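Chemist: Pasting a structure below so you can have a look.
The values are calculated or read from the model by the stated rules, or taken from the named source; none is laboratory data. None of these values were measured; they are calculated from a predicted model. Cβ placement follows ideal geometry from the backbone for every residue including glycine, while neighbour counts extend to all protein chains displayed.
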Ligand SMILES: COc1ccc([C@@H]2N[C@@H](C)[C@@H](O)[C@H]2O)cc1
């Protein structure tokens, strides 16, 4: 393998308490909020179908008009406590907020630019009250930060001239200053979710980024930073030039999910997901498919079943309101989570053969196994294949533990559970298996429930 100065500094998962906590979240909330929520995908009566938070980049949208939107930013309905309550009721364990998206507008009072909330009619810090409100309800806060910054004069996508390099040095200083400022202002931050790091210019900054990551981790010990932040010596991100994961978890699953455990390479990872096909910031006219709570719950369960976290995106509007479609989804997901979160929180991958009816999750502490059923077989027979020497001692319905099942053995290590499906079931059901095996698996050191 290559000798790298700025490649992965750790092989395998982080095992410290902060990362253990992260690993057991299951469900997160992404919030994309900024000036782009004001146009909401429209400008001068024209509809822009691309991602609403990228409207400044779409042709026909005059940059200087976008750059003056800050003069209109006055979200009278912004209510961080209400947002935090809603996220709590949904069952989110962490929240990721855009402090600065690609447009460079800062939702906190930054010492290092005038392009921030203090120079708007609203005038106040947005990030601070959000951090406070979410901390108050026990939801951990992570800060999204875009390195790419269309507002800063020193930003470059690539470094070609001497001038580029000199300007970019100022930009790097500015970026460092803003990041240290954020960690200084919001010390309860548990981690940073970086974006906008694909540029050639940034890919040349292995040394700078590595040192900056070290500095940030010194400021907040245990700080969690994913694989999108730094490039290695050869400009590779996510995985270094030896194929080793850089950062504390893999951030490659944006609007997509792995199919198999192998695809996750055994790393920690999160999936960040939009409700419509591709809108992160507020778009007033969602076209195309809008995901149902059933689909989002399946993505959540699939993520947890493959040792990942699932982060559902919310895009508040220009007034600071959570839109009605997202409120409804949060309510429906919360109702399911109220009854079934035991199969999500603190759970992860189970190495039993995947079956068509849905997903297994395993509680990392108790070893309890959950069958989360989305696709009921017409004959009601749910197939289970177990590893050798595992018998299914106690099998019962999560919603009613008195409803137990005696698995029918159909082959060695192969069973049917005959579930009395009735037509009225319209949300995923969870069956609990308390396995006992002839040799207790040392990892599980399984105790009776
Ligand atoms: C295809 O290029 C991009 C670049 C940036 C994004 C940003 N990442 C998401 C988490 C949103 O912030 C989106 O604007 C999406 C697609």
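Chemist: Check whether at least one residue in region 248-258 is modelled with pLDDT of 95 or more, out of contact with any strand residue (DSSP E or B) (no Cβ under 6 Å at 6 or more places or on another chain) and away from the ligand (no atom under 16 Å from the Cβ), and report yes or no.
Modeler: Yes; the residues of region 248-258 include at least one that is modelled with pLDDT of 95 or more, out of contact with any strand residue (DSSP E or B) (no Cβ under 6 Å at 6 or more places or on another chain) and away from the ligand (no atom under 16 Å from the Cβ).
Chemist: While we're looking at this one, here's another question. Filtering region 178-207 down to residues that are assigned to a helix (DSSP H, G or I), under 21 Å from residue 157 (Cβ atoms) and out of contact with any helix residue (DSSP H, G or I) (no Cβ under 7 Å at 6 or more places or on another chain), which residue is nearest to the ligand (Cβ to nearest atom)?
Modeler: This residue is 202.
Chemist: Identify, by number, the condition in (1) closer than 29 Å to residue 189 by Cβ; (2) more than 16 Å from the ligand (Cβ to nearest atom) that residue 63 doesn't meet.
Modeler: Checking residue 63 against (1) closer than 29 Å to residue 189 by Cβ; (2) more than 16 Å from the ligand (Cβ to nearest atom), the one that fails is (1).
Chemist: Testing residue 232 on (1) more than 16 Å from the ligand (Cβ to nearest atom); (2) over 18 Å from residue 3 (Cα atoms); (3) assigned to a loop (DSSP other than H, G, I, E, B), one condition comes back false. Which one is that?
Modeler: For residue 232, the failing item is (2).
Chemist: Moving on. Any idea which residue in region 247-258 is farthest from residue 306 (Cα to Cα), counting only those that are touching a helix residue (DSSP H, G or I) at 6+ places or on another chain (Cβ under 9 Å) and part of a loop (DSSP other than H, G, I, E, B)?
Modeler: For region 247-258, the residue satisfying everything is 247.
Chemist: Picking from 342, 325, 353, which residue would you name as being assigned to a helix (DSSP H, G or I) and over 14 Å from residue 92 (Cα atoms)?
Modeler: The unique qualifying residue is 325.
Chemist: Right, residue 338: over 20 Å from the mean Cα position of the chain (by Cα), touching a residue at least 40 places away in the same chain (Cβ under 8 Å) and either surrounded by fewer than 23 Cβ atoms within 10 Å (Cβ to Cβ) or under 17 Å from residue 371 (Cα atoms) (or both) or not?
Modeler: Considered against the rule, which asks whether it is over 20 Å from the mean Cα position of the chain (by Cα), touching a residue at least 40 places away in the same chain (Cβ under 8 Å) and either surrounded by fewer than 23 Cβ atoms within 10 Å (Cβ to Cβ) or under 17 Å from residue 371 (Cα atoms) (or both), residue 338 comes out as yes.
Chemist: Also: Among residues belonging to region 235-247 that are away from the ligand (no atom under 16 Å from the Cβ) and under 27 Å from residue 18 (Cα atoms), point out the one that is farthest from the chain's Cα centre (by Cα).
Modeler: Within region 235-247, the match that is farthest from the chain's Cα centre (by Cα) is 242.
Chemist: Out of region 169-203, which residues are without any contact (Cβ under 8 Å) to a residue 60 or more places away in the chain, farther than 21 Å from residue 151 by Cα and over 21 Å from the mean Cα position of the chain (by Cα)?
Modeler: Selection gives 184 alone.
Chemist: Which of the residues belonging to region 131-155 are within 16 Å of the ligand (Cβ to nearest atom) and in a loop (DSSP other than H, G, I, E, B)?
Modeler: Hits for region 131-155 are 147, 148, 149, 150, 151, 155.
Residues checked against (1) buried (at least 24 other Cβ atoms within 10 Å of the Cβ); (2) in contact (Cβ under 8 Å) with a residue 12 or more places away in the chain; (3) within 16 Å of the ligand (Cβ to nearest atom); (4) in a loop (DSSP other than H, G, I, E, B):
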| position | (1), (2), (3), (4) |
| --- | --- |
| 18 | no, yes, no, no |
| 40 | no, yes, yes, yes |
| 55 | yes, yes, yes, no |
| 70 | no, yes, no, no |
| 75 | no, yes, no, yes |
| 78 | no, yes, no, yes |
| 83 | yes, yes, no, no |
| 86 | no, yes, no, no |
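Chemist: Name the strands (runs of 3 or more DSSP E) wholly inside region 378-449 in which the number of residues that are modelled with pLDDT under 95 is 3 or more.
Modeler: 390-397, 429-437
Chemist: Could I ask something else about it? Pick from region 20-38 the residues that are within 19 Å of the chain's Cα centre (by Cα) and within 16 Å of the ligand (Cβ to nearest atom): which of them is nearest to residue 149 (Cα to Cα)?
Modeler: Looking at the filtered set, the residue picked out is 34.
Chemist: Something else: Counting only residues that are within 16 Å of the ligand (Cβ to nearest atom) and in a loop (DSSP other than H, G, I, E, B), which one in region 259-278 is farthest from residue 288 (Cα to Cα)?
Modeler: 274
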